[in-house]
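Novice: First the structure, which I've put down as structure tokens, then a few questions once you've had a look.
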Amino acid sequence: MKPFREQNYYELLEILPDASPLEIRRAYKRVFELYQDESIVSYSFFSKEEREEILSLLEKAYLALIDLESRVQYDRRLIELGLMDRDGQYSNKMKEPIPIYDFKKVHFDVFEPDRRLDDLKERVSQNAIIQGILAQDILTGADLHKIRTELDIPLEEIADSTKVQIGMLRAIEEDNLENFPPAVYLKGFLKSYARYLQIDESVVVNGFIKRIGEGK
Amino acid sequence: MPNIWSIGGGKGGSGKSFITGNLGILLAKGGYKTLLVDLDLGAANLHTIIGLPLPEKSISDFLNKKVGTLQETVEPTPVPNLYLISGAMNNLDIANLAHEQKLKIIRNIPKLPYDYILLDLGAGTSFNTIDFFMISALGIFVTTPEPTSIENIYRLIRSVYFRKIRQVLSSHNFRTLAEEAQERDARATVSNPDILLYIMKELDPEKGEILENELRTFNFKLALNQLRKQDNPNIGALICKIIQRHLALKMHFLGNISFDERVHNAVCKKMPFLDLYPYTQTTLDLRTCHKNLLTIDEAEPILQNAVD
């Protein structure tokens, strides 16, 4: 170890070269308490002259480092002498706040369907078969099934996204009238189904309800 | 070779014999064959601390050639695995040991067949005490958190340290180099060992390294005894820090040992404190010190490598 008097200001205060002003102040308070005249630990270890020398050294170190301008100069000298790493210097940069929650994930969810929806809309409008079906006055479950297979979307995906039970969706596509829910619910399910496939909700609901009415 | 620990403290009444006795009991209970040597010649009373009635044999039997070897003065104690060479029942002039007799003790202690040997030293910094202390490079210093005691600790450490430097300087013919160093920097005397060492290393790196290595063999511990509730519990660690920083010595803190009124009772009853009051803070502290003594000792080489 280097003798006390040969140590640089950072070593004297026992801090790292990138210490913040707050850390410097704390370090100075700590060493001052250890070396001051009243200290039970050090008063009998040093002579009066030695203590005065140490205290003045520590004060010099503190004053040089606590003032940003003189600190930059001192750092430059240490770097020139090769005693300090340029990257180890203190920079008064605010630290980036660390997010507690991962908000990005939520954004991702919101933006992803958008792209999918635009793409889907285009495919619906380009597809002649789908447009043909939608032009009909009456729509059956088989028609809906056909639209869905044209778009190549599995039923599970719709059930997962719309939260409509897959059995119910299957019943609609299979025209299984016995398992249909009351008309109010059925309309809601149809709307969700149509919205997910990006086809006109009102066309689907009206066409389908009309078809049920005929079936009865 | 046994592990030898010198226990010193400068000031009288700081608890050297108390700590020696109780650490010895803990080592013995841990299964180590342990020997306590009462080297507080002229004021020996380690036997009372460990609950041994007045011993019949003592170290002066060996010095007077009543017995042939130091081993013959060893007394068993009530604690299994624990043995004692007492300094009681000595001649009245034992405190003023002749040089020849002192050397006889110093030469023979390391030859004794034990796992651990604890040397209980007297107060003060007389040559006898310092030379006995230097039987081993491993030392435990005992102090109380009072200025008087701390002052004496520094005196003792400096005395041991300076004596070692002088020994190395004269045995290696470093005198001229030391004088040269002092010419270059007036402060580079034996009383500022860190500066002396630094300048000697600059003048002659090879010789400076020899001195540094010799001083590095010292392995000191500090126990802070009789810590009362109102005392600053950091004093011990700070003392170690000052010594490490300004004397470039290895100094580790073993721990605080709480003050307890009942230590007085244990001494009066002539019973070991550990056995009489096993469930007290002070006993707990002694156990912590014992644990730290063993673990720090073993951890040393690993730490050394990590730093290098």
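The values are calculated or read from the model by the stated rules, or taken from the named source; none is laboratory data. Here the structure is a predicted model, which means the values were calculated and not measured. Using ideal geometry, Cβ is built from the backbone for each residue, glycine included, and neighbour counts are taken over all protein chains shown.
Novice: Filter the stretch A:128-171 down to the residues that are acidic (Asp, Glu), part of a helix (DSSP H, G or I) and either surrounded by fewer than 16 Cβ atoms within 10 Å (Cβ to Cβ) or touching a His at 6+ places or on another chain (Cβ under 8 Å) (or both) and list them by number. First the steps, then the outcome.
Specialist: Taking the stretch A:128-171 and keeping what is acidic (Asp, Glu), we get A:137, A:143, A:150, A:152, A:156-157, A:160.
Retained after the next criterion (residues that are part of a helix (DSSP H, G or I)): A:143, A:150, A:156-157, A:160.
A:GLU156, A:GLU157, A:ASP160, listed by residue number.
Novice: Looking at the stretch B:194-234, which of its residues are surrounded by fewer than 21 Cβ atoms within 10 Å (Cβ to Cβ), closer than 30 Å to B:PHE18 by Cα and either facing chain A (nearest Cβ under 9 Å) or not polar (S, T, N, Q) (or both)?
Specialist: Hits for the stretch B:194-234 are B:LEU215, B:ARG216, B:PHE218, B:ARG228, B:LYS229, B:ASP231, B:ASN232, B:PRO233, B:ASN234.
Novice: Of the residues that sit in the stretch A:12-43 and are surrounded by fewer than 16 Cβ atoms within 10 Å (Cβ to Cβ) and outside any helix (DSSP H, G or I), which one is nearest to the other protein chains (Cβ to nearest Cβ)?
Specialist: A:GLU14
Novice: Kindly indicate which of A:TYR62, A:TYR9 is touching a Leu at 6+ places or on another chain (Cβ under 6 Å), buried (at least 19 other Cβ atoms within 10 Å of the Cβ) and more than 14 Å from every other protein chain (Cβ to nearest Cβ). Give the steps one after another, and end with the answer.
Specialist: Numbers: A:TYR62 fails: touching a Leu at 6+ places or on another chain (Cβ under 6 Å).
Residue meeting the stated conditions: A:TYR9.
Novice: Can you work out which of the residues in the stretch B:41-76 that are assigned to a loop (DSSP other than H, G, I, E, B) and surrounded by 22 or more Cβ atoms within 10 Å (Cβ to Cβ) is farthest from the chain's Cα centre (by Cα)? Outline the logic, then answer.
Specialist: Of all residues in the stretch B:41-76, those assigned to a loop (DSSP other than H, G, I, E, B) come to B:41-45, B:50-58, B:64-69, B:74.
If we keep only those that are surrounded by 22 or more Cβ atoms within 10 Å (Cβ to Cβ) as well, we get B:41, B:44, B:50, B:52, B:58.
Details: B:LEU41: 15, B:ALA44: 16, B:ILE50: 18, B:LEU52: 22, B:SER58: 21 Å.
If we take residues in the stretch B:41-76 being assigned to a loop (DSSP other than H, G, I, E, B) and surrounded by 22 or more Cβ atoms within 10 Å (Cβ to Cβ), then B:LEU52 is farthest from the chain's Cα centre (by Cα).
Novice: Going by the structure shown, is A:ASP87 under 41 Å from the mean Cα position of the chain (by Cα), in contact (Cβ under 8 Å) with a residue 12 or more places away in the chain, part of a helix (DSSP H, G or I) and more than 28 Å from B:LEU247 (Cβ to Cβ)?
Specialist: no
Novice: If you don't mind, another one. Does B:ARG175 satisfy being modelled with pLDDT under 90 and within 14 Å of chain A (Cβ to nearest Cβ)?
Specialist: no
Novice: So B:ILE157 passes all but one of these: (1) closer than 23 Å to B:GLN226 by Cβ; (2) away from chain A (no Cβ under 14 Å); (3) among the aliphatic types (A, V, I, L, M). Which condition number does it fail?
Specialist: Going through (1) closer than 23 Å to B:GLN226 by Cβ; (2) away from chain A (no Cβ under 14 Å); (3) among the aliphatic types (A, V, I, L, M) one by one, B:ILE157 breaks only (2).
Novice: Follow-up. Is the stretch B:167-176 home to any residue that is under 20 Å from the mean Cα position of the chain (by Cα) and surrounded by fewer than 15 Cβ atoms within 10 Å (Cβ to Cβ)?
Specialist: yes
Novice: Looking only at residues that are outside any loop (DSSP other than H, G, I, E, B) and within 11 Å of chain B (Cβ to nearest Cβ) in the stretch A:44-59, which one is surrounded by the fewest Cβ atoms within 10 Å (Cβ to Cβ)? Full working, then the answer.
Specialist: We begin by selecting, within the stretch A:44-59, every residue outside any loop (DSSP other than H, G, I, E, B); these are A:48-59.
When the remaining residues are screened for being within 11 Å of chain B (Cβ to nearest Cβ), the result is A:49-50, A:53-54.
Working: A:GLU49: 8, A:GLU50: 16, A:GLU53: 15, A:ILE54: 20.
Ranking the qualifying residues of the stretch A:44-59, first place goes to A:GLU49.
Novice: Does the stretch A:1-38 hold any residues that are among the hydrophobic types (A, V, I, L, M, F, W, C) and in contact (Cβ under 8 Å) with a residue 60 or more places away in the chain, and which are they?
Specialist: A:LEU16, A:ALA19
Novice: Just name the residue that is surrounded by the fewest Cβ atoms within 10 Å (Cβ to Cβ) out of those in the stretch B:182-193 that are facing another protein chain (nearest Cβ under 10 Å), without any contact (Cβ under 8 Å) to a residue 40 or more places away in the chain and within 23 Å of B:MET251 (Cα to Cα).
Specialist: Selected residue: B:SER191.
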